[in-house]
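Below is one structure, written out as structure tokens; the observations come after it.
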Amino acid sequence: MLRFPLCSCVCLRRAAAFLAVSLPLGFSPATARSETADEAFRRVDRDGDGKVTRAELPQRLLFKRFDGNGDGTITLEETRAAFGAEDAEAAVRGLKGPVEALFKGADKDGDGVLTAAEVSKPKLFALLDRDADGSVQLEEAKAAILALREGKGLDGLVPPATEPPHPVRTSGPEVTNPGEAGIGRQVPDIGFADLAGRTHRLGEIAAASKGVAIAMTSTTCPVSLRYAPALARLEKDLAARGVAFILVNPFASEKPEDLAAAVKRHGFSGPYVHDSEEAFASSLGARTTTEVFLIDPARTLVYRGALDDRYGVDYSRDEPRETYLLDAVTAMLGNARPRIAATLAPGCELDLAPAPAEAADPGEVTYHRDVSRILRQNCLECHHESGIAPFALDDFAEVDDRAKVIRRVIEEGTMPPWFAAAPKAGESSPWANDRSLSARDRRDLLAWLSSTDRPMGDPAEAPAPLAFSGEGWTLGEPDAVFAFDKPVPVQAEGQMPYVNLVVPTHLTGDRWIRGFEILPGAREVVHHVIVFAVDPENPNERFSEIGGYYALYVPGTSGEMFPAGMAKKLPAGAKLRFQMHYTPNGTATEDLTRIGFFFADEEPRYEVKVASVANTRISIPAGAPNHQESAERPVPSDMTVLGFLPHLHTRGKAFRYEIDGAEGTTTLLDVPRYDFNWQLYYRLKEPIHLPRGTRVRATAWYDNSAANQANPDPTRTVKWGRQTDDEMMIGYIEYYEPVERPTPTEKP
């Protein structure tokens, strides 16, 4: 029986409320059973319509148990009919002796799990199988038996109803693909007139400042009206940082006097454009009345989307959790790329004329205006002078020399490294960190690389260079930094096995970590880093990769700041175990990797954790070209998934995460072409909520044939092992759940 890590009796206390109250709760009279059924029904029938639906009770097996006629809904009568377990409850109360001994006696095959075949009375088994997954573990049985012996009833194991996990806001900002949004491209040099009749050009304003923020607005759209005071404060904040600010109202129907009144009311001092012919908004491809755009002095689009996440079409907050535009401004002023570069902005939709046609003729694509920007946005994070890539791509000579190489890796799909299956036609990518080239970028880049003259274009249209530091922290100065006690020697040639090192933290108290960054000492040879937090209460516990990870570094991702209200717990006295993967590059060197932690000021609402679906009994036959292995496990408590990281070794071929539900199988992540050289984390735009009892299945495919040129030895059967020439099958899942807080003690 596979178990999610970091889960003990806490998970049992989170049993579904319906299951807990849908069994007799310590009452003996028959009438009490009816009252208990009524209580259960009322608690789960959230909309009070007299029936329970799958949306209200998503656990498939549990729903099936109570849906007596199988019509897809549960009535009060069906609930009452299912309450026939008084005899089972009495039987449990009558059990004598230690629970461990009783469990061991019933566990006929000694596998540590009770099945229905091992428990003779079906109702007794149903009472013990509180998560309805078809099996009973010792802690599960112990919790139920002890509660009934003490007369508490099973509802004593269930906490009071809490607010749902971090709500998914259908009307709020949604992270979208930067390439599809035009991030990194040069925006047109737009000419326009403001309300006072003064004429301007966007290029002149950009060149005379450190950048320009352009905000769509309206005097009639409700969301725009709520944002007006924030935009007025933003204008002053940006001015202090040397960034210009332009307001654009694209509605011809709105009266100039109303626009002038809005300017006076909120104290706007910069250009306010009544874009009645929609030329300005159309040239930007604006989508809503709250969308903002940030461009740098070279008119490179740095960010577009929502100002922040304070307002949606149908919600408001006192304060934002995410400040997208201000974060992007900070990154731009530091010659860096923003963490989030594109979102959809909730507001009143704009019905504009199409943007000007995109370049299609190879002769219209130039290096300075187009190609350098595509490379800057998609490649330079690794391909710069001190980056982990073998060569830089930040000037024309370097790109021109390697034109055929670049064309090959783009055509075969190995660069930029991104291996999740492409979304279906008409659908957007669900991944916040999708590295794949947009259709336009891919077309223009290949057209230029294939052209005979590879036109340079106007140097004045070149983007501003990005700043890369091999020393500094990109997320700010950490609150605490931990490093190896001495450098690790890295050989010049060949392959190196993983290096595992333990670093003590010496923390005297528990700390909540709101973010981290891993800083390799020798970026050119550090391929990836996975950090595990060793529990100080179990210092002799054997280290296991299947227990999840604490932090990681992969090419292009050196750290993570968790969303507001979320953090990871680092216990007092914890030790950090670093798993280092080095790729020698021809020159012997040394590495001293560090990790920096950013502490939260207070206990968060949600704790970020990592679980895994793993199969340690894999056996891959010699010569097998497409061998399949799988693993499955139930979710022990309600969790909301942030992302996935599949892990295989050199024979790994493909990986997939799936769940089964009422509407069939749903694929969470499909990686049809796994590449061991890139341990990629796939971060969701919108978290996925998995109710307790959901079964998560991971499937991996391996190529152990001679055709796999990375295969160390196709003549042997391969099993689980830590070395690269062994294999693994781990499907990591990063998720969050409400922080467990002690139940307040009632005063007498």
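The values are calculated or read from the model by the stated rules, or taken from the named source; none is laboratory data. What you are looking at is a predicted structure, and each value in this text was computed from that prediction instead of being measured. Neighbour counts run over all protein chains shown; Cβ positions are idealised from the backbone, glycine included.
In the stretch 468-483, is there at least one residue being closer than 29 Å to R673 by Cβ and either modelled with pLDDT of 85 or more or of a type in the set (A, V, I, L, M) (or both)?
No: the stretch 468-483 contains no residue that is closer than 29 Å to R673 by Cβ and either modelled with pLDDT of 85 or more or of a type in the set (A, V, I, L, M) (or both).
Note down all Cβ pairs under 8 Å where the first residue falls in the stretch 387-409 and is in contact (Cβ under 8 Å) with a residue 24 or more places away in the chain and assigned by TED's automatic domain parsing to the domain that holds G457, the second is small (G, A, S) and loosely packed, with under 15 Cβ neighbours inside 10 Å, and they're at least six residues apart or on different chains.
R407/S450
Pairs only if they're at least six apart or on different chains, beta carbon under 7 angstrom, first in the stretch 631-655 and over 16 Å from Y549 (Cβ atoms), second crowded, with 23+ Cβ neighbours inside 10 Å and polar (S, T, N, Q); list them, first residue then second.
Pairs found: R651/N704.
For the stretch 697-728, what are the residues that are at pLDDT 95 or above and of a type in the set (A, V, I, L, M)?
A698, A700, V718 - these are the residues of the stretch 697-728 that are at pLDDT 95 or above and of a type in the set (A, V, I, L, M).
Residue by residue through the stretch 511-538, note down the ones that are part of a loop (DSSP other than H, G, I, E, B) and either crowded, with 20+ Cβ neighbours inside 10 Å or touching a residue at least 60 places away in the same chain (Cβ under 8 Å) (or both).
Initially, the stretch 511-538 is screened for residues part of a loop (DSSP other than H, G, I, E, B), giving 520-525, 535-538.
Selection gives P520, G521, A522, R523, E524, V525.
If N711 satisfies all but one of (1) surrounded by 15 or more Cβ atoms within 10 Å (Cβ to Cβ); (2) under 21 Å from the mean Cα position of the chain (by Cα), what's the number of the condition it fails?
Failed condition: (2).
I'd like to verify a number: residues in the stretch 627-675 that are basic (K, R) and not in a strand (DSSP E or B), how many? Let's see the steps before the verdict.
If we filter the stretch 627-675 for residues that are basic (K, R), which is where we start, we get 633, 651, 653, 656, 673.
Narrowing the set further to residues that are not in a strand (DSSP E or B) leaves 651, 673.
Number of matching residues: 2.
Return the residues of the stretch 331-347 that are free of Cβ contacts under 8 Å to residues at least 60 places away in the same chain and assigned to a loop (DSSP other than H, G, I, E, B); say none if nothing qualifies.
The first filter runs over the stretch 331-347 and keeps only residues free of Cβ contacts under 8 Å to residues at least 60 places away in the same chain, leaving 331, 338.
Residue satisfying the conditions is P338 alone.
Among (1) surrounded by 15 or more Cβ atoms within 10 Å (Cβ to Cβ); (2) closer than 21 Å to R656 by Cα; (3) at pLDDT below 85, which single condition is N433 missing?
Going through the list (1) surrounded by 15 or more Cβ atoms within 10 Å (Cβ to Cβ); (2) closer than 21 Å to R656 by Cα; (3) at pLDDT below 85, N433 breaks only (3).
Is it fair to say D400 is among the acidic types (D, E) and not in a helix (DSSP H, G or I)?
Numbers: among the acidic types (D, E): yes; not in a helix (DSSP H, G or I): no.
Taking the combined requirement at face value, the residue does not satisfy it.
Within the stretch 250-258, is there a residue that is more than 23 Å from P459 (Cα to Cα) and either buried (at least 20 other Cβ atoms within 10 Å of the Cβ) or at pLDDT 95 or above (or both)? Don't jump to the end; show me each part of the working.
Keep residues of the stretch 250-258 that are more than 23 Å from P459 (Cα to Cα), which gives 250-258.
Adding the requirement that they be either buried (at least 20 other Cβ atoms within 10 Å of the Cβ) or at pLDDT 95 or above (or both) leaves 250-251.
Within the stretch 250-258 (the criterion being more than 23 Å from P459 (Cα to Cα) and either buried (at least 20 other Cβ atoms within 10 Å of the Cβ) or at pLDDT 95 or above (or both)), the answer is yes, since at least one residue qualifies.
Kindly indicate whether A328 is touching a Ser or Thr at 6+ places or on another chain (Cβ under 9 Å), closer than 20 Å to F245 by Cβ and modelled with pLDDT of 90 or more. Let's see the steps before the verdict.
Details: touching a Ser or Thr at 6+ places or on another chain (Cβ under 9 Å): no; closer than 20 Å to F245 by Cβ: yes; modelled with pLDDT of 90 or more: yes.
Spelling it out, it is not the case that A328 is touching a Ser or Thr at 6+ places or on another chain (Cβ under 9 Å), closer than 20 Å to F245 by Cβ and modelled with pLDDT of 90 or more.
Output the qualifying pairs, or none if there are none: Cβ atoms under 8 angstrom, residues six or more apart or on different chains, first residue in the stretch 432-453 and under 30 Å from P563 (Cα atoms), second residue hydroxyl-bearing (S, T, Y).
N433/T557; N433/Y681; N433/Y682; S436/S429
This table checks each residue for (1) in contact with a helix residue (DSSP H, G or I) (Cβ under 7 Å, 6 or more places away or on another chain); (2) surrounded by 15 or more Cβ atoms within 10 Å (Cβ to Cβ); (3) at pLDDT below 90.
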| position | (1), (2), (3) |
| --- | --- |
| P497 | no, no, yes |
| E541 | no, no, yes |
| S558 | no, yes, yes |
| K568 | no, yes, no |
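Conditions tested, residue by residue: (1) charged (D, E, K, R); (2) farther than 22 Å from K210 by Cβ; (3) not in a strand (DSSP E or B).
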| site | (1), (2), (3) |
| --- | --- |
| S282 | no, yes, yes |
| A286 | no, yes, yes |
| P297 | no, no, yes |
| R304 | yes, no, no |
| D308 | yes, no, yes |
| D318 | yes, yes, yes |
| E322 | yes, yes, yes |
| L326 | no, no, yes |
| V329 | no, no, yes |
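Would you check if R265 is assigned by TED's automatic domain parsing to the domain that holds D237, modelled with pLDDT of 90 or more, charged (D, E, K, R) and in a strand (DSSP E or B)? Don't jump to the end; show me each part of the working.
Details: assigned by TED's automatic domain parsing to the domain that holds D237: yes; modelled with pLDDT of 90 or more: yes; charged (D, E, K, R): yes; in a strand (DSSP E or B): no.
In short, no.
Is it fair to say S269 is touching a Ser or Thr at 6+ places or on another chain (Cβ under 9 Å) and farther than 19 Å from D308 by Cα? Outline the logic, then answer.
Details: touching a Ser or Thr at 6+ places or on another chain (Cβ under 9 Å): no; farther than 19 Å from D308 by Cα: yes.
When the stated conditions are applied, S269 does not pass them.
Pairs only if they're at least six apart or on different chains, beta carbon under 8 angstrom, first in the stretch 664-676 and on the phi > 0 side of the Ramachandran plot and crowded, with 16+ Cβ neighbours inside 10 Å, second at pLDDT below 95 and β-branched (V, I, T); list them, first residue then second.
So the pair list comes out empty.
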